Amino acid sequence: MILLVRKIPSVMSQLLVRGCPHPPPPVDPLKNNEAIALQGCTILVVDEDKAQCDTLSAILRHEQFKAETADSGPAAIARYAEVQPDLVLMDVVMPGMSGFEACRELRRIHGSECAPVIFITGRHETKYLIDGFNSGGVDYITKPFELKEMIARIRTHLSVRTLLAQQRMLVEKLSRENKFLGMAAHDLRNPLCSIRGLSECLLEGLAGKLGEEQTSIVASIHEASQGTLQLVNDLLDIATIEAGQFHLHIMPIRLSELVQKSVALNGMEAARKNTSIVLQDKGTSPSVMLDADKIHQVIDNLLSNAIKYSPPGSTITVAMQTTPSEHVISVRDEGPGIPENERDRLFQDFGRLSPQPTGGEKSIGLGLAICKKIIQAHCGNIIATNLPTRGCEFRITLPLDPIP
Amino acid sequence: MTFNGKILIVDDEPHVRLYVSMILRSLGFSTCIEASNGREAIECYEREKPDLVLLDINMPVMDGFETLKQIRAINHEAVVIMLTSLANRHSVEESAQLGAVYYLRKDTPRLVIINELRDILQSAFDTDIPAPSPAP
């Protein structure tokens, strides 16, 4: 074994000593969770016997805890309010107010925020111990106690308390951040809609004919605003899903109507990229119970993806079919397909793959993750398959009666 | 082709009012009145008696729901279309309940907005409005 001794400059060592009054104890296997810092936690020791209090306090201080004492139930309640301990070690048999009563009172005053109370008792009978748990205690140590057992139990309950506090804090932080993201995204959407819309007006010559250079500048503005608007909408969707506020609004709708609407909506963009969309089976499909807006969003997304990755002159085929067990909608393109080694990432958040959009469009890789969540919420499925020729097929299946 | 219908656009953002007036212009409606919040909108409504109102929801001073309520109190037949970036179900239901005839989202593609507005305006003014053709 090699022992490394590093010389600490004298001023430094004084600082260290001042900052840490007790030398750190050697590593103990009973310290159950080293990831959670428990040093400096305050423990309130309640015992009518002053000598007992002092012994326990000395042990606790040696373990890097802060120890406070009280010699009766009422004193414990008063001291608790002053020092706000992280844990209470409570003797049970005390004159006047028993430890069980004091514990009950602490729980009544401080509610769910109350520090865990561990009883120290000389009695072992189960019924008696259950009384202790019923009064709100979390654990008990029987006298004469084993030092290491006591410390291990204290550490466990301090860890639980620390983790619960952290969890509460994180949940609050997450919901605050989600709310903030939602608000920011919402405020960004307004101006982006105007930038996109007004640049379209310019491109269409509604404010006079543009020269070649002007057209290309305005086209850039339009494209950038379109991409950013998509990003903002996707982020809002993800924020809603993450915040658990994703609810379906189910109503009867004809799937064929939704699909036709999407095809019509995307026709222009397809034409711009010299790609055509063919809709197979224009027959009316039966009415289905689903969230029309969200399913529309999914079909739209699959179509705009197909357009994004389609080479010029290719065809996108949309097909609809109702089998005895399910509704099937498929979108087939003639693009590069999905690289097999990247397939896992396809439906993940920000799971952008290596193929590049053929017209320089933006993609951030949230669209398919959102699609999958929407389809799953409908108890359906979405899969992607590479076609033997070229391109790939996205296939949505929805149960005949998607919502039970 | 131009139409004489008077349309009130209510939105706190000047760029949105400009965007909406460009859309209306491409449908042949070039006389638009603008208001930048609910209170101004009420004054405008009483003074100008527009045939149709396009109304935002999130606005300072007085929001779109309160404005809608007051406009409908002045004229129970008022034709009000909500044009908002709010996408939640609650806003849609609240608007319908207060008597808005249509709910349009601002992030809807412009050509879709134009088509839907064209349908609404055709029935509101009981006239045929030709689809706008892009300038050459």
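Using R0 = 35 Å, the C-beta based FRET efficiency linking A:Lys179 and A:Ser220 works out to 0.55.
Annotation note: GluC sites (Glu not before Pro) in the range B:1-90 located in DSSP loop regions with a Cβ neighbour count of at most 11 within 10 Å are B:Glu77.
Sorting B:Ile114, B:Ile23 by the number of Cβ atoms found within 10 Å of their own Cβ, with the fewest placed first, yields B:Ile114, B:Ile23. All other residues whose Cβ lies under 13 angstrom from that of A:Ile374 are scored, Lys and Arg at +1 and Asp and Glu at -1, for a net of -2. Note: relative contact order over chain A, using C-alpha pairs below 8 Å and six or more positions apart, is 9 percent. Stretching A:Tyr128 away from A:Thr389 to a fully extended chain increases their span by 86.3 nm, per 0.36 nm per residue minus the current alpha-carbon distance. Rounded to 0.05, the FRET efficiency of the A:Arg61 and A:Leu248 pair, given R0 = 45 Å and the Cβ-Cβ distance, is 0.20.
Of the cross-linked pairs A:Lys173/A:Lys373; A:Lys50/A:Lys143; A:Lys294/B:Lys106, which ones have a Cα-Cα span greater than 19 Å in the structure shown? The answer is A:Lys173/A:Lys373. Here is the list for the range A:90-134: GluC sites (Glu not before Pro) lying in DSSP coil, each with at most 14 other C-beta atoms within 10 angstrom of its C-beta, are A:Glu125.
Summarising the label geometry, the points placed 7 Å from Cα in the beta-carbon direction at A:Val171 and B:Glu116 lie 3.8 nm from one another. Charge dipole of the range B:6-125 (Cα centre as origin; +1 on each Lys and Arg Cβ, -1 on each Asp and Glu Cβ, all else neutral): 300 debye, rounded to the nearest 20. Backbone geometry of the range A:131-136 corresponds, through the Karplus equation with coefficients 6.51, -1.76 and 1.60 at θ = phi - 60°, to 3J(HN,Hα) couplings of 4, x, 5, 5, 7, x Hz, x marking Gly and Pro.
Ordering A:Ser330, B:Leu121, A:Gly208 by Cα displacement along the dipole of the protein assembly as shown toward the positive end leaves A:Ser330 in first place; charges were set at the Cβ atoms of Lys, Arg (+1) and Asp, Glu (-1).
A Cβ-based charge dipole, computed about the Cα centre of chain A with Lys and Arg at +1 and Asp and Glu at -1, lands at about 480 debye. Across the range B:6-125, Cα pairs under 8 Å and at least six residues apart give a relative contact order of 23 percent. Against chain A, whose longest principal axis comes from its Cα atoms, helix A:10-19 is set at around 90 degrees. A DSSP coil position with no more than 15 other Cβ atoms inside 10 Å describes none of the chymotrypsin sites (Phe, Trp or Tyr not before Pro) in the range B:71-136.
Bear in mind these aren't lab numbers, they're just calculated from the coordinates by the rules spelled out. Nothing here was measured: the structure is a model prediction, and the numbers come from that model. Please note: Cβ atoms are built from the backbone with ideal geometry, for glycine as well, and neighbour counts cover all protein chains shown.
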